[in-house]
Structure formats: structure tokens, C-alpha cells
1. Of all the residues that make up region 60-79, how many are loosely packed, with under 13 Cβ neighbours inside 10 Å and modelled with pLDDT under 95?
2. Determine the pairs where a residue that is closer than 21 Å to GLU11 by Cβ, located within region 77-104, has a partner that is assigned to a loop (DSSP other than H, G, I, E, B) and of a type in the set (D, E, K, R) with Cβ atoms under 8 Å apart, the partner being 6 or more residues away or on another chain.
3. Taking region 92-108 only, how many residues are surrounded by 11 or more Cβ atoms within 10 Å (Cβ to Cβ) and in a helix (DSSP H, G or I)?
4. How about region 38-72: which of its residues are touching a Phe, Trp or Tyr at 6+ places or on another chain (Cβ under 9 Å), within 27 Å of ARG121 (Cβ to Cβ) and hydrophobic (A, V, I, L, M, F, W, C)?
5. Within region 114-125, does at least one residue satisfy the condition of being closer than 30 Å to ILE18 by Cβ and at pLDDT 85 or above?
6. Looking at ASP116, ASP79, ASP40, can you tell me which residue is farther than 30 Å from GLU7 by Cβ and over 27 Å from the mean Cα position of the chain (by Cα)?
7. Can you tell me which of (1) surrounded by 15 or more Cβ atoms within 10 Å (Cβ to Cβ); (2) out of contact with any Ser or Thr (no Cβ under 9 Å at 6 or more places or on another chain); (3) part of a helix (DSSP H, G or I) is the one GLN88 doesn't meet?
Amino acid sequence: MTDYAEEQRNELEAIESIYPDSFTVLSEVPTSFTITVTSDAGENDETVEVTLQFTYVEKYPDEVPLWEIYSQENLEDSDAEGILTLLQQQAEENLGMVMIFTLVTAVQDKLNELVDEIKNRREEEKRRKEEAAEEAEKVLFQGTVVTIENFLSWKAKFELEMAELRRKRQKEEEQSTPILVLSSHNYQTFPPILQLQSGTLKSLS
């Protein structure tokens, strides 16, 4: 019969010796403790850090322990979710064996990957901003690029405006042109606005 309590005590002693500066016991019954895991230093000596809390269940290691993220630093929520998923996968693969060291090592490797990913994300963001700034500068310098589509649109609009202008000018000319009326012996010039009254033309002005 497996002595779960003995296995748990032995593992706890080993874990404490491996992580003396980052291991903290929270309670003895049930056995609960935290281990702080820090990535290797990345760009500008930046690190990613997570403190994991583990709690032994009665039949550990034949049953997986409980775990949660106790605290985190420079870690996005989506990455934290990824770490919890990683712990679940590793625990299932190592069921029946003491596994805390294995779980912590997997998280350590993941944090090192995240440091590189964070660096890549920042470089990509910087590149996108630089490209956006360059594109804005090109647009400002070049103005609107002429394409077939926007040229035809401009041409149609221009022709409509010119037709309207010609119509207005024609109307103005018609209204301002004097009218010649033939009398019995000569031509008489009348203003443009006339009214027919009693069979004759009469000026309204």
C-alpha cells in the first residue's frame, strides 16, 4: 500500500533544498506551499516571474495536486492561462510519480520562451509603427495618387460642373439680351422684360 504522506514529505524536503530562496510553506494540513519561478534575463535585463501555489491532495502523487498562480509579474493574462494549461498537461503525463520539480521546470522553460516572445512582440510593434509613420510621410509628400478610378470620378464631376456653369451663363445671356421690335418705320429696342397688352408690346420698366 502506498504511503502517500511519506512520499509527500520526502518530496517537500527535496523541493525545499532545490529552491531555498523561492520556496515558502503556507500550511501543513493540507500541505500547501509556493515556489517563485523567474525566467532568465531578457532584453534590458527584463524578466518574467510567476509564483505558483501547490497543495497536496490526500492520494498525491496518484492524483494530481492542486495548483494556481499565486502572483505574476510582467506576465499577460493570456500567457498565465497558457501556464495553467501546461501544468495540467504535465501533471497528467506524470501521474503516479512525484512531479513538483517536473512541473516547475516546465514552467521555467515556458517563461524563458515568453521572454523571447515579448522581445519579438515589441520589435514587431516598433516595426509596425515605423512603417505607419513612413507611409503617412509618403502620403503627405506625394498627395493623392491618381488612379483610373479616381480620375474618372473627378472627370465626371468636372463635366457636370462645367455643364451647370454653361447652363447658368446661357440663362444669364438670354435674360440680358435686348429685344428688337419692328414698328411701322423703324426698329425700337426694348428692355428684356416685356408684357403683351392689348395687342401691343409694353415695357415693364
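The values are calculated or read from the model by the stated rules, or taken from the named source; none is laboratory data. All values reported here derive from a predicted model rather than from experimental measurement. Positions of Cβ are backbone-derived with ideal geometry, glycine not excepted, and every protein chain shown enters the neighbour counts.
1. The total comes to 4.
2. Listed by first residue and then by second, the contacts come to LEU95/ASP62; LEU95/GLU63; GLY96/ASP62.
3. Total meeting the criteria: 10.
4. Hits for region 38-72 are VAL50, LEU52, TRP67.
5. Yes, region 114-125 contains a residue that is closer than 30 Å to ILE18 by Cβ and at pLDDT 85 or above.
6. The conditions single out ASP40.
7. (1)
To keep it simple, each residue is scored yes or no on (1) assigned to a strand (DSSP E or B); (2) loosely packed, with under 10 Cβ neighbours inside 10 Å; (3) at pLDDT 90 or above.
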site	(1), (2), (3)
TRP154	no, no, no
LEU160	no, no, yes
LEU180	yes, yes, no
THR189	yes, yes, no
